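K.L.:
Got a structure for you, questions after.
The values are calculated or read from the model by the stated rules, or taken from the named source; none is laboratory data. If you're wondering where the values come from, they're calculated on a predicted model, not measured in any experiment. All Cβ positions, even for glycine, are placed from backbone atoms using ideal geometry, and neighbour counts span all protein chains on display. Surface areas here come from the heavy atoms of the whole protein model, side chains and all, with no ligands, DNA or RNA. Shrake-Rupley method; radii C 1.70, N 1.55, O 1.52, S 1.80 Å.
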Amino acid sequence: MSAEQALRVELCEWAKSMFMRGYSSGGAGNISAKLPDGTLIVTPTNSSFGDLVPERLSKLDPQGHWIDGDEPTKEVSMHMAMYQQRPDCQAVVHLHSPWLTALSCLENVDKTNCLPPITPYYVMRVGRLPLVEYFAPGDPKIGEEIAKLAQQHSAVLLSNHGPVVGGTTLRQAFFNAEELEDTARLYLTLLPLGFKTLTDTDVQELNNRYPQK
Ligand SMILES: [Zn+2]
């Protein structure tokens, strides 16, 4: 199997797993992954994570133009912003997962970090989660806003929409997305009960011990 075919199959397997576990339903969300020559494999528009076909995934040139396969998601500009600002980024996952989307609808969140450091793994994997103001899906302004944040952040949360998460491999991008969704679920569950976060010292120690790549 060629490297491209292997990546196509891996992407579809991850998508199916996310669909089966409730991270994506209907036609929500999209995924991209970069090949060694800089071209990109992307989920098609109106496709479902539950029944993607490796051979029908969209293929884009390194600038993000559609060159093969089915028509790509209309949210390609969000993925391109992450790749252009983060040279080590090899995959991007965008979800409408329920807990992160709920978090993205809250009033009065800290826009520089809307998910506090309640567990070490969130700090080690993602660190901080800035909020991007609301624009309609497909609006190129979303990509422009992500571009402003992506050098400093491997993940952002779109207001009233959902997360955009990068990774140095497809597997890492999904791990990061899962960690974020689970942390949002913990946070929103704890919110009415009161909770304690890691201290600034705890976070600094984690950052020293496990530097963000
Ligand atoms: Zn979306």
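K.L.:
What whole-number value in Å² describes the accessible area per residue of the chain for a 1.4 Å probe?
P.N.:
49 Å²
K.L.:
In addition: Along each principal axis of its Cα atoms, how long is the chain end to end? Whole angstroms, biggest number first, please.
P.N.:
Computed over the Cα atoms, the extents are 50, 34, 31 Å.
K.L.:
Give the residue list of GluC sites (Glu not before Pro) in the stretch 109-204 that are DSSP loop and have at most 16 other beta-carbon atoms within 10 angstrom.
P.N.:
When the GluC sites (Glu not before Pro) of the stretch 109-204 are filtered for loop state and at most 16 Cβ neighbours within 10 Å, 133 remain.
K.L.:
With the dipole of the chain worked out from charges on the C-beta (+1 for Lys and Arg, -1 for Asp and Glu) around the Cα centre, which of 65, 108, 122 lies farthest toward the positive end?
P.N.:
Selected residue: 122.
K.L.:
What value, in deg cm²/dmol to 500, does the helix sum -39500 (n - 2.57) over DSSP H runs of n ≥ 4 give at 222 nm once divided by the residues of the chain?
P.N.:
Computed ellipticity for the chain at 222 nm equals -12000 deg cm²/dmol.
K.L.:
Given the Cα-Cα distance of residue 67 and residue 110 and 0.36 nm per residue of separation, how much length would full extension add, in nm?
P.N.:
Here the answer is 11.5 nm.
K.L.:
Where in the stretch 1-85 are there trypsin sites (Lys or Arg not before Pro) that are in a DSSP coil and have at most 14 other Cβ atoms within 10 angstrom of their Cβ?
P.N.:
21, 74
K.L.:
Taking loop as defined by DSSP and a crowding limit of 10 other beta carbons within 10 Å, which trypsin sites (Lys or Arg not before Pro) in the stretch 108-212 fit?
P.N.:
196
K.L.:
Cross-link list 34/74; 16/196; 34/111; 16/148; 141/196; 148/196: which exceed 24 angstrom alpha carbon to alpha carbon?
P.N.:
16/196; 34/111; 16/148; 141/196; 148/196
K.L.:
For the chain, with all protein chains present and a 1.4 Å probe, just round the carbon and sulfur fraction of the accessible area to a whole percent. Write out the running numbers ahead of the final one.
P.N.:
On the way: 5410 of 10430 Å².
Heavy-atom surface of the chain belonging to carbon and sulfur, 1.4 Å probe: 52 percent.
K.L.:
Between residue 9 and residue 210, what is the FRET efficiency for a Förster distance of 35 Å, r being their Cβ-Cβ separation, to the nearest 0.05?
P.N.:
With a Förster radius of 35 Å, E is 0.70.
K.L.:
Among 175, 142, 76, whose Cα sits farthest toward the positive end of the charge dipole of the stretch 61-208 (+1 at Cβ of Lys/Arg, -1 at Cβ of Asp/Glu, about the Cα centre)?
P.N.:
Selected residue: 175.
K.L.:
Under a Cβ-only charge scheme (Lys and Arg +1, Asp and Glu -1), can you give me the dipole magnitude of the chain about the Cα centre, in debye to the nearest 20?
P.N.:
320 debye
K.L.:
Compute the separation of the alpha-carbon centres of the stretch 1-63 and the stretch 87-122 and state it in Å as a whole number.
P.N.:
Going from one Cα centre to the other spans 21 Å.
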